[in-house]
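The values are calculated or read from the model by the stated rules, or taken from the named source; none is laboratory data. These figures come from a predicted structure and were not determined experimentally. Here the Cβ positions follow ideal geometry from the backbone for every residue, glycine too, while neighbour counts run over all protein chains shown. Side chains are part of the model used for accessible areas, which takes the heavy atoms of the whole protein and leaves out ligands, DNA and RNA. Shrake-Rupley method; radii C 1.70, N 1.55, O 1.52, S 1.80 Å.
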Amino acid sequence: MTTRHDTTAPPVKGGAAPGRPPGDAASPEEARKRARLSRRWQRDLRWSPYAFVSPFFLLFAAFGLFPLLYTGWASLHTVELTAPTDMEWVGLDNFTRIFDDEFFWNAAKNTLTIGIISTVPQLLMAMGLAHILNYKLRGSTFYRVVMLAPYATSIAAASLVFVLLFGRDYGMINWALDLIGLDKIDWQSDKWPSQIAVSSIVIWRWTGYNALIYLAAMQAIPQDLYESAALDGASRWRQFIHVTLPQLRPTILFTVVVSTIGASQLFGEPLLFDANKGASGGSQHQFQTLGLYLYEQGWINQHLGRASAIAWTMFLILIVIGIVNYVISRRLRASS
(Lines give C-alpha, C1' and ligand atoms only; values in the text may rest on other atoms or scores of the structure.)
Protein backbone atom coordinates (compact mmCIF):
# COMPACT_ATOMS: atom_id res chain seq x y z
CA MET A 1 0.00 0.00 0.00
CA THR A 2 1.49 3.24 -1.14
CA THR A 3 1.16 6.52 0.63
CA ARG A 4 0.14 9.58 -1.43
CA HIS A 5 1.70 12.84 -0.51
CA ASP A 6 -0.29 15.81 -2.02
CA THR A 7 1.43 19.07 -2.32
CA THR A 8 -0.37 22.39 -2.58
CA ALA A 9 0.56 25.14 -4.94
CA PRO A 10 2.23 28.14 -3.40
CA PRO A 11 -0.18 30.97 -2.65
CA VAL A 12 -0.44 33.77 -5.13
CA LYS A 13 0.96 36.98 -3.89
CA GLY A 14 -1.84 39.40 -2.94
CA GLY A 15 -4.46 36.79 -1.92
CA ALA A 16 -6.88 34.60 -3.82
CA ALA A 17 -8.50 37.50 -5.72
CA PRO A 18 -6.42 39.40 -8.16
CA GLY A 19 -5.46 42.85 -7.03
CA ARG A 20 -7.23 45.97 -8.40
CA PRO A 21 -5.17 47.66 -11.07
CA PRO A 22 -4.00 51.05 -9.98
CA GLY A 23 -5.67 52.68 -13.00
CA ASP A 24 -9.20 51.70 -11.81
CA ALA A 25 -9.13 53.84 -8.65
CA ALA A 26 -11.61 56.77 -8.70
CA SER A 27 -9.88 60.01 -9.42
CA PRO A 28 -10.56 63.10 -7.29
CA GLU A 29 -12.49 64.67 -10.18
CA GLU A 30 -14.83 61.68 -10.48
CA ALA A 31 -15.37 61.68 -6.71
CA ARG A 32 -16.39 65.34 -6.82
CA LYS A 33 -18.73 64.60 -9.73
CA ARG A 34 -20.39 61.78 -7.81
CA ALA A 35 -20.74 64.01 -4.76
CA ARG A 36 -22.42 66.70 -6.88
CA LEU A 37 -24.84 64.14 -8.35
CA SER A 38 -25.62 62.85 -4.88
CA ARG A 39 -26.39 66.35 -3.60
CA ARG A 40 -28.51 67.06 -6.68
CA TRP A 41 -30.47 63.85 -6.11
CA GLN A 42 -31.06 64.77 -2.48
CA ARG A 43 -32.28 68.25 -3.43
CA ASP A 44 -34.55 66.76 -6.07
CA LEU A 45 -35.96 64.29 -3.56
CA ARG A 46 -36.59 67.08 -1.06
CA TRP A 47 -38.03 69.81 -3.29
CA SER A 48 -39.79 67.92 -6.11
CA PRO A 49 -43.04 67.39 -4.13
CA TYR A 50 -43.25 71.13 -3.49
CA ALA A 51 -42.75 71.83 -7.19
CA PHE A 52 -45.56 69.43 -8.09
CA VAL A 53 -48.08 71.11 -5.77
CA SER A 54 -46.88 74.68 -6.40
CA PRO A 55 -49.35 75.36 -9.29
CA PHE A 56 -52.26 74.91 -6.90
CA PHE A 57 -50.80 77.30 -4.35
CA LEU A 58 -49.96 79.85 -7.03
CA LEU A 59 -53.51 79.76 -8.40
CA PHE A 60 -54.94 79.86 -4.88
CA ALA A 61 -52.78 82.88 -3.99
CA ALA A 62 -53.80 84.71 -7.18
CA PHE A 63 -57.52 83.90 -7.26
CA GLY A 64 -58.27 82.99 -3.63
CA LEU A 65 -55.99 84.53 -1.06
CA PHE A 66 -55.41 87.90 -2.75
CA PRO A 67 -59.15 88.58 -3.39
CA LEU A 68 -59.91 87.56 0.18
CA LEU A 69 -57.34 89.93 1.67
CA TYR A 70 -58.23 92.75 -0.73
CA THR A 71 -61.92 92.34 0.07
CA GLY A 72 -61.09 92.58 3.77
CA TRP A 73 -59.13 95.76 3.12
CA ALA A 74 -61.93 97.21 0.98
CA SER A 75 -64.49 96.46 3.70
CA LEU A 76 -62.74 99.05 5.88
CA HIS A 77 -63.11 101.78 3.24
CA THR A 78 -65.79 103.57 1.32
CA VAL A 79 -65.39 102.32 -2.24
CA GLU A 80 -67.70 102.90 -5.18
CA LEU A 81 -67.91 100.76 -8.31
CA THR A 82 -67.49 103.85 -10.48
CA ALA A 83 -64.12 104.66 -8.82
CA PRO A 84 -62.69 101.46 -7.32
CA THR A 85 -59.26 103.00 -6.72
CA ASP A 86 -60.58 105.90 -4.63
CA MET A 87 -60.75 104.61 -1.07
CA GLU A 88 -61.70 106.51 2.06
CA TRP A 89 -60.93 104.93 5.43
CA VAL A 90 -64.05 104.34 7.54
CA GLY A 91 -62.97 101.49 9.81
CA LEU A 92 -65.84 99.25 10.87
CA ASP A 93 -68.58 101.62 9.71
CA ASN A 94 -69.52 99.34 6.82
CA PHE A 95 -70.10 96.45 9.23
CA THR A 96 -72.14 98.52 11.67
CA ARG A 97 -74.16 99.93 8.79
CA ILE A 98 -75.14 96.55 7.37
CA PHE A 99 -75.94 95.24 10.86
CA ASP A 100 -78.33 98.18 11.28
CA ASP A 101 -79.91 97.49 7.89
CA GLU A 102 -83.20 95.61 8.11
CA PHE A 103 -82.69 94.20 4.63
CA PHE A 104 -79.53 92.44 5.80
CA TRP A 105 -81.38 90.67 8.59
CA ASN A 106 -84.24 89.89 6.22
CA ALA A 107 -81.74 88.29 3.81
CA ALA A 108 -80.13 86.37 6.69
CA LYS A 109 -83.51 85.01 7.82
CA ASN A 110 -84.43 84.08 4.24
CA THR A 111 -81.09 82.29 3.83
CA LEU A 112 -81.73 80.35 7.03
CA THR A 113 -85.29 79.32 6.17
CA ILE A 114 -84.48 78.40 2.57
CA GLY A 115 -81.47 76.45 3.84
CA ILE A 116 -83.62 74.44 6.25
CA ILE A 117 -86.41 73.86 3.74
CA SER A 118 -83.95 72.67 1.10
CA THR A 119 -81.41 70.78 3.19
CA VAL A 120 -83.58 68.60 5.43
CA PRO A 121 -85.84 67.03 2.73
CA GLN A 122 -82.86 66.80 0.38
CA LEU A 123 -80.74 64.72 2.74
CA LEU A 124 -83.66 62.56 3.84
CA MET A 125 -84.58 61.70 0.26
CA ALA A 126 -80.92 61.14 -0.60
CA MET A 127 -80.61 58.69 2.28
CA GLY A 128 -83.70 56.79 1.14
CA LEU A 129 -82.56 56.59 -2.48
CA ALA A 130 -79.11 55.42 -1.44
CA HIS A 131 -80.64 52.73 0.78
CA ILE A 132 -82.72 51.46 -2.14
CA LEU A 133 -79.78 51.45 -4.55
CA ASN A 134 -77.63 49.65 -2.00
CA TYR A 135 -79.59 46.49 -2.74
CA LYS A 136 -78.97 44.49 -5.89
CA LEU A 137 -81.22 46.04 -8.52
CA ARG A 138 -81.38 45.43 -12.22
CA GLY A 139 -80.01 48.48 -14.04
CA SER A 140 -78.54 50.07 -10.92
CA THR A 141 -75.85 51.82 -12.99
CA PHE A 142 -78.54 53.50 -15.08
CA TYR A 143 -80.29 54.77 -11.96
CA ARG A 144 -77.04 56.19 -10.62
CA VAL A 145 -76.44 58.11 -13.84
CA VAL A 146 -80.00 59.40 -13.79
CA MET A 147 -79.60 60.65 -10.22
CA LEU A 148 -76.41 62.49 -11.12
CA ALA A 149 -77.95 64.15 -14.20
CA PRO A 150 -79.58 67.05 -12.27
CA TYR A 151 -76.23 67.89 -10.68
CA ALA A 152 -74.67 68.18 -14.15
CA THR A 153 -77.50 70.39 -15.40
CA SER A 154 -76.91 74.11 -15.70
CA ILE A 155 -78.37 76.25 -12.92
CA ALA A 156 -79.80 78.63 -15.49
CA ALA A 157 -81.56 75.86 -17.43
CA ALA A 158 -82.96 74.23 -14.29
CA SER A 159 -84.16 77.54 -12.82
CA LEU A 160 -85.91 78.57 -16.04
CA VAL A 161 -87.74 75.23 -16.16
CA PHE A 162 -88.90 75.63 -12.56
CA VAL A 163 -90.04 79.18 -13.31
CA LEU A 164 -92.33 77.71 -15.95
CA LEU A 165 -93.52 74.97 -13.60
CA PHE A 166 -94.36 77.47 -10.84
CA GLY A 167 -95.96 80.04 -13.13
CA ARG A 168 -99.03 81.69 -11.65
CA ASP A 169 -101.32 81.54 -14.69
CA TYR A 170 -99.95 78.75 -16.88
CA GLY A 171 -97.68 76.78 -14.58
CA MET A 172 -98.06 73.02 -14.33
CA ILE A 173 -98.09 73.10 -10.51
CA ASN A 174 -101.09 75.43 -10.38
CA TRP A 175 -102.74 73.40 -13.14
CA ALA A 176 -102.41 70.27 -10.96
CA LEU A 177 -103.77 72.17 -7.93
CA ASP A 178 -106.75 73.33 -9.99
CA LEU A 179 -107.49 69.74 -11.02
CA ILE A 180 -107.93 68.69 -7.38
CA GLY A 181 -110.00 71.74 -6.52
CA LEU A 182 -107.39 73.91 -4.78
CA ASP A 183 -106.82 77.61 -5.40
CA LYS A 184 -103.90 78.77 -7.47
CA ILE A 185 -100.81 80.02 -5.63
CA ASP A 186 -98.72 83.00 -6.58
CA TRP A 187 -95.38 81.23 -6.20
CA GLN A 188 -93.27 84.30 -6.94
CA SER A 189 -95.04 86.97 -4.88
CA ASP A 190 -95.93 85.24 -1.60
CA LYS A 191 -93.18 84.67 0.96
CA TRP A 192 -93.45 81.00 1.91
CA PRO A 193 -94.52 79.69 -1.52
CA SER A 194 -91.61 81.52 -3.17
CA GLN A 195 -89.12 80.11 -0.66
CA ILE A 196 -90.54 76.62 -1.15
CA ALA A 197 -90.24 77.02 -4.92
CA VAL A 198 -86.61 78.17 -4.69
CA SER A 199 -85.85 75.32 -2.28
CA SER A 200 -87.36 72.82 -4.70
CA ILE A 201 -84.75 73.81 -7.30
CA VAL A 202 -81.97 73.15 -4.79
CA ILE A 203 -83.54 69.84 -3.75
CA TRP A 204 -83.86 68.69 -7.36
CA ARG A 205 -80.23 69.55 -8.18
CA TRP A 206 -78.46 68.13 -5.14
CA THR A 207 -80.46 65.12 -3.96
CA GLY A 208 -78.84 62.71 -6.42
CA TYR A 209 -75.35 63.99 -5.62
CA ASN A 210 -75.80 63.38 -1.89
CA ALA A 211 -77.45 60.03 -2.60
CA LEU A 212 -74.33 58.81 -4.39
CA ILE A 213 -72.19 59.95 -1.45
CA TYR A 214 -74.40 58.00 0.95
CA LEU A 215 -74.36 55.00 -1.38
CA ALA A 216 -70.56 54.94 -1.46
CA ALA A 217 -70.47 55.09 2.33
CA MET A 218 -73.05 52.31 2.63
CA GLN A 219 -71.08 50.02 0.36
CA ALA A 220 -68.05 50.47 2.63
CA ILE A 221 -69.95 49.07 5.64
CA PRO A 222 -68.81 45.47 6.42
CA GLN A 223 -71.42 42.88 5.49
CA ASP A 224 -70.63 40.94 8.66
CA LEU A 225 -72.57 43.54 10.66
CA TYR A 226 -75.71 42.95 8.60
CA GLU A 227 -75.31 39.19 8.77
CA SER A 228 -74.95 39.32 12.56
CA ALA A 229 -78.01 41.54 12.83
CA ALA A 230 -80.01 39.19 10.59
CA LEU A 231 -79.01 36.20 12.73
CA ASP A 232 -80.28 38.07 15.77
CA GLY A 233 -83.64 38.47 14.06
CA ALA A 234 -83.35 42.17 13.12
CA SER A 235 -85.62 43.30 10.29
CA ARG A 236 -84.45 45.44 7.38
CA TRP A 237 -85.70 48.58 9.15
CA ARG A 238 -83.88 47.74 12.38
CA GLN A 239 -80.72 46.97 10.43
CA PHE A 240 -80.97 50.40 8.85
CA ILE A 241 -81.51 52.13 12.21
CA HIS A 242 -78.97 50.23 14.30
CA VAL A 243 -76.31 49.34 11.72
CA THR A 244 -76.45 51.68 8.72
CA LEU A 245 -77.08 55.02 10.43
CA PRO A 246 -74.38 54.65 13.13
CA GLN A 247 -71.84 53.74 10.45
CA LEU A 248 -72.87 56.75 8.36
CA ARG A 249 -72.49 59.39 11.07
CA PRO A 250 -69.28 60.94 9.65
CA THR A 251 -70.77 60.98 6.13
CA ILE A 252 -74.02 62.51 7.36
CA LEU A 253 -72.08 65.19 9.20
CA PHE A 254 -70.09 65.92 6.04
CA THR A 255 -73.21 66.29 3.85
CA VAL A 256 -74.93 68.47 6.46
CA VAL A 257 -71.95 70.83 6.62
CA VAL A 258 -71.51 70.99 2.84
CA SER A 259 -75.24 71.57 2.30
CA THR A 260 -75.25 74.29 4.96
CA ILE A 261 -72.32 76.04 3.30
CA GLY A 262 -74.04 75.78 -0.08
CA ALA A 263 -77.28 77.19 1.36
CA SER A 264 -75.45 80.16 2.88
CA GLN A 265 -74.00 80.96 -0.57
CA LEU A 266 -77.26 80.49 -2.50
CA PHE A 267 -77.34 82.91 -5.41
CA GLY A 268 -78.18 81.57 -8.87
CA GLU A 269 -81.52 79.94 -8.09
CA PRO A 270 -83.23 82.94 -6.40
CA LEU A 271 -81.70 85.35 -8.92
CA LEU A 272 -83.16 83.51 -11.91
CA PHE A 273 -86.45 82.72 -10.17
CA ASP A 274 -87.26 86.42 -9.69
CA ALA A 275 -89.87 87.58 -12.21
CA ASN A 276 -88.31 91.07 -12.25
CA LYS A 277 -84.88 89.56 -13.09
CA GLY A 278 -83.25 91.64 -10.37
CA ALA A 279 -81.34 91.01 -7.16
CA SER A 280 -84.11 92.15 -4.82
CA GLY A 281 -85.43 88.60 -4.35
CA GLY A 282 -89.03 89.43 -5.16
CA SER A 283 -91.08 92.59 -4.94
CA GLN A 284 -90.91 92.54 -1.12
CA HIS A 285 -87.49 90.87 -0.77
CA GLN A 286 -89.35 87.71 0.26
CA PHE A 287 -86.67 85.32 -1.01
CA GLN A 288 -83.59 87.55 -1.11
CA THR A 289 -80.59 85.64 0.24
CA LEU A 290 -77.29 86.96 1.53
CA GLY A 291 -75.72 86.29 -1.85
CA LEU A 292 -78.38 88.39 -3.60
CA TYR A 293 -78.05 91.13 -0.96
CA LEU A 294 -74.28 91.24 -1.55
CA TYR A 295 -74.80 91.44 -5.33
CA GLU A 296 -77.40 94.18 -4.93
CA GLN A 297 -75.15 96.32 -2.73
CA GLY A 298 -72.02 95.87 -4.84
CA TRP A 299 -73.18 95.81 -8.47
CA ILE A 300 -76.55 97.55 -8.44
CA ASN A 301 -76.11 100.13 -5.67
CA GLN A 302 -72.38 100.24 -6.51
CA HIS A 303 -71.22 100.21 -2.85
CA LEU A 304 -68.19 97.93 -3.08
CA GLY A 305 -67.06 98.64 0.47
CA ARG A 306 -70.40 97.60 1.90
CA ALA A 307 -70.49 94.54 -0.35
CA SER A 308 -67.01 93.59 0.88
CA ALA A 309 -68.23 93.82 4.48
CA ILE A 310 -71.13 91.49 3.61
CA ALA A 311 -68.72 89.05 1.96
CA TRP A 312 -66.51 88.97 5.05
CA THR A 313 -69.54 88.49 7.27
CA MET A 314 -70.51 85.46 5.19
CA PHE A 315 -66.91 84.22 5.42
CA LEU A 316 -66.98 84.47 9.21
CA ILE A 317 -70.27 82.54 9.24
CA LEU A 318 -68.59 79.76 7.25
CA ILE A 319 -65.70 79.72 9.72
CA VAL A 320 -68.17 79.26 12.57
CA ILE A 321 -69.80 76.38 10.67
CA GLY A 322 -66.37 74.81 10.17
CA ILE A 323 -65.56 75.09 13.88
CA VAL A 324 -68.88 73.47 14.80
CA ASN A 325 -68.15 70.67 12.32
CA TYR A 326 -64.72 70.13 13.88
CA VAL A 327 -66.10 69.98 17.43
CA ILE A 328 -68.90 67.58 16.51
CA SER A 329 -66.59 65.31 14.50
CA ARG A 330 -64.14 65.11 17.41
CA ARG A 331 -66.94 64.12 19.77
CA LEU A 332 -68.16 61.50 17.31
CA ARG A 333 -64.68 60.00 17.06
CA ALA A 334 -64.30 60.04 20.84
CA SER A 335 -67.66 58.34 21.36
CA SER A 336 -66.89 55.65 18.78
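In region 179-188, of all residues being open to solvent by 90 Å² or more (accessible area, probe 1.4 Å) and not aliphatic (A, V, I, L, M), the one that is farthest from G282 (Cα to Cα) corresponds to D183. If I ask for residues that are out of contact with any Leu (no Cβ under 6 Å at 6 or more places or on another chain), under 30 Å from G281 (Cα atoms) and open to solvent by less than 70 Å² (accessible area, probe 1.4 Å), which ones from region 109-147 would you list? Listed by number, the residues that qualify are N110, T113, I114, G115, I117, S118, T119, P121, Q122, L123, A126, M147.
Scanning region 148-172 for residues that are open to solvent by 70 Å² or more (accessible area, probe 1.4 Å), closer than 29 Å to D183 by Cα and not aromatic (F, W, Y) yields L160, V161, L164, R168, D169, M172.
Evaluate region 268-288: report whether one residue or more is at pLDDT 85 or above, under 30 Å from A216 (Cα atoms) and within 21 Å of the chain's Cα centre (by Cα). The answer is yes; a qualifying residue exists. Just one of the listed residues (A307, A311) is free of Cβ contacts under 8 Å to residues at least 24 places away in the same chain and outside any loop (DSSP other than H, G, I, E, B), and it is A307. Among the helices (runs of 4 or more DSSP H) lying completely within region 207-264, list those that include at least 2 residues that are among the hydroxyl-bearing types (S, T, Y). Once the helices (runs of 4 or more DSSP H) in region 207-264 are filtered for at least 2 residues that are among the hydroxyl-bearing types (S, T, Y), what remains is 223-231, 249-264. Being within 28 Å of V198 (Cα to Cα) and surrounded by 19 or more Cβ atoms within 10 Å (Cβ to Cβ) is a description that does not apply to A275. For region 278-304, a tally of residues being outside any helix (DSSP H, G or I), free of Cβ contacts under 8 Å to residues at least 24 places away in the same chain and within 25 Å of A197 (Cα to Cα) returns 3.
Scanning region 114-157 for residues that are aromatic (F, W, Y), within 28 Å of W192 (Cα to Cα) and assigned to a loop (DSSP other than H, G, I, E, B) gives no hits.
Each residue in region 45-85 was checked for being farther than 18 Å from F315 by Cβ and open to solvent by 100 Å² or more (accessible area, probe 1.4 Å), and 11 of them qualify.
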